[in-house]
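This report refers to the structure that appears directly beneath it.
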Amino acid sequence: MLTDESIEELVSQCCQGDEDAVWELAAAAVGEPGRMAPHHARLLTAGVFDRGEVYRGADEATTRELVRLADAADGVLRGELFDCVANAHPAVAEEAFRRWRSAEDVDVHTRDAGWELLPSGTRRELLLGPAFELLPVDAEDIEAAPDGTAHGPYGAPVFGAPSGEHCPWCRMELHAALDLPPGSAAARALGLTGPDHVRVLSCPRCTDFGTVLSGYDGSGGARWLEHNERPSCNGPVIDGWDPYPTRLVLGPARPHGGSGSAWHDGGSALGGHPDWIQDPERPDCPLCGRPMLFASMNGGADVWGGEGCLYVFVDLDCRTGAVLYQQS
């Protein structure tokens, strides 16, 4: 967590045109919504608009000024200001995007900020809830836990358990990228109170090369979907490879309900906003076509001791899931 002095220094660097500082400030704003609010007037005056997340938690007055600037802008600057507004004061942002909805690709800006406007003009959140830590635990410790201890003292794994199903492309065993039994602590953390067992599958090999789609039946069963499109390359077969020697279990809530980190140890998160390594991606449900809800971020630093991150999405109505991978 950045100190007030560190944030003040970053703001000064941003106002002087330091692009790296803007990225760092945006990451801090995602993790601690509203922390940048005292600095927004200064950032506005300096024209710092290239990362919309900087304005997450902005007040009504700041957001209305961003809207005014967007109405007068065009080209790249207008797109940047759309991003800023989408991340700022919710009511003012909704009002503005209802007016802008005829603009080309305008929904990209709201989706990247974690919400969308429905045809009715109402807001639909694309995030499941505030962020919680996902803690790495050695798979052997969980598998060796005695019966009756709910997979050991750490609770049931949210990520990493083998499913018994196999990838039709490479024949590797599929693993649970997200596993939320009804009534579990992880399901309750996300506000899921229904009877469905939410389970999303991933291929440890093929997900590195393309989005993997799966469906679940609500009772613990999950399956590969025929909607999957095989990538042109899905890497070599590696005999005896243990893809996930670590499982992820639910940890404490992250401060301020903010995001985790796709880059660092301890950055995996259930809920919150995704921390993208590359450009934002948000898969659509293969059954209904709506944007799916972001559910979790499983970092390579926690899971296999390397770089990269697995991002998991769900459609709770259609009972579908998607897993995609990014690396630097």
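Here, each number is a calculation from the coordinates, and none is a lab measurement. Small disclaimer: the values here were computed from a predicted structure and weren't measured. Methodologically, a virtual Cβ is constructed for each residue, glycine included, from the backbone with ideal geometry; neighbour enumeration extends over all protein chains shown.
Based only on Cα atoms, what Rg/Rh ratio does segment 19-80 have, Rh being taken as Kirkwood's radius?
That ratio equals 0.94.
Rule-of-thumb check for segment 150-270: C-alpha Rg over 2.2 N^0.38 Å?
1.13
Which one, Gly164, Gly79, Gly267, has the greatest fluctuation when you compute a Gaussian network model over the chain with C-alpha springs under 10 angstrom?
Residue with maximal mean-square fluctuation among Gly164, Gly79, Gly267: Gly164.
With the crude spin-label approximation of a point 7 Å out along Cα→Cβ, what separation in nm comes out for Met1 versus Asp20?
Distance between label points: 2.6 nm.
Ignoring everything except DSSP H segments at least 4 long, calculate the 222 nm mean residue ellipticity for the chain; use -39,500 (n - 2.57) per segment, divide by total residues, nearest 500.
That comes out to -7500 deg cm²/dmol.
How big is D for segment 1-49, in µm² s⁻¹ as a whole number, if Stokes-Einstein is applied with the Kirkwood radius of its Cα pairs at 20 °C and 1.002 mPa s?
This corresponds to a translational diffusion coefficient of 203 µm²/s.
Please report the projected area of segment 1-117's Cα convex hull averaged over all directions, in nm².
For segment 1-117, the mean projected area of the Cα convex hull comes to 6.5 nm².
Find how much the distance from Glu281 to Asp138 grows on full extension, using 0.36 nm per residue of separation minus their present alpha carbon separation; answer in nm with one decimal.
This chain segment gains 48.5 nm when fully extended.
Tell me, what does the Kirkwood hydrodynamic radius of segment 189-328 come to in angstroms if you use every pair of distinct C-alpha atoms?
Working: mean 1/r = 0.0635 Å⁻¹.
For segment 189-328, the Kirkwood estimate is 15.7 Å.
Checking understanding here: applying a Kyte-Doolittle mean of at least 1.6 and a length along the axis of at least 20 Å (C-alpha), which whole DSSP H helices in the chain pass?
None pass (Cα extent of 20 Å or more, hydropathy at least 1.6).
By how many nm would the segment from Val106 to Glu8 grow when fully extended, if each residue of separation counts as 0.36 nm and the alpha-carbon distance is taken off? Don't jump to the answer; show the numbers that get you there.
On the way: separation 98, 0.36 × 98 = 35.28 nm, distance 3.22 nm.
Here the segment from Val106 to Glu8 would lengthen by 32.1 nm.
Quick one: among Ala161, Ala113, Ala41, which has the greatest mean-square fluctuation in a GNM of the chain with alpha-carbon springs under 10 angstrom?
Between Ala161, Ala113, Ala41, it is Ala41 that shows the largest mean-square fluctuation.
Which value in nm describes the separation of the simple spin-label points at Trp241 and Asp50, placed 7 Å from the Cα toward the beta carbon?
3.7 nm
Normalised by the empirical 2.2 N^0.38 Å for globular proteins, what value does the Cα Rg of the chain take?
In units of the 2.2 N^0.38 Å rule of thumb, it is 1.03.
Once you treat every alpha carbon in segment 275-328 as an equal point and sum by Debye, what is log10 I(q)/I(0) at q = 0.26 Å⁻¹?
Taking Cα atoms of segment 275-328 as identical point scatterers yields -0.96.
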